[in-house]
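Here the structure is laid out as structure tokens; the discussion comes afterwards.
Read-outs throughout are calculated quantities, based only on the coordinates presented, and are distinct from any laboratory measurement. Model, not experiment: these values are computed from the prediction. We place every Cβ from the backbone using ideal geometry, glycine too, and count neighbours over all the protein chains shown.
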Amino acid sequence: MLRGVKCRRLPMAYQFVIDSVANVVRETWTGVVTVGDLKDSSRQEWAHPDFHKELNMISDFRMASVEISTEEMWGLVSWFGQSEWVGKHALVVSREVGFGLARMFSTISEGQKHYSDSLQVFYSYEDAEKWLADSAQVSAG
């Protein structure tokens, strides 16, 4: 740290768009993200008039820093497991820390509902989009 320069944590910024044509919720995260932020965002999405439980989701965490302990991750997975949402979920992360956290969520989730087939982690947003599009074609086909 430079002398006289104070570091500060940037607040979490979150936005989402529901693309009804593509059947996808697209989330973008920046800054520091906590388990409370993830729950709050889910509540906002679920309350949106265009939301339905078959929507797929892309969560882009490439510009975010996720601060969640293993204990909090277990609680988050349990909390998500109580929802009726059945869509596929693509997590897009940077190579630094995000992949490990996303894999931890995926591993813990495997015992819950349908997560093992419906959750994938990507470094590329385009690969995540392609995975969801390919899944939609298989479902429709």
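Brief remarks on what is shown
- Our estimate of slack between SER69 and SER124, defined as 0.36 nm per intervening residue step minus the Cα-Cα distance, is 17.3 nm.
- With the simple spin-label model, which puts each label point 7 Å out from Cα in the Cβ direction, the GLN44 to VAL86 separation comes to 2.8 nm.
- Where labels lie 7 Å past Cα in the beta-carbon direction, separation of THR34 and ASP134 in nm: 3.8
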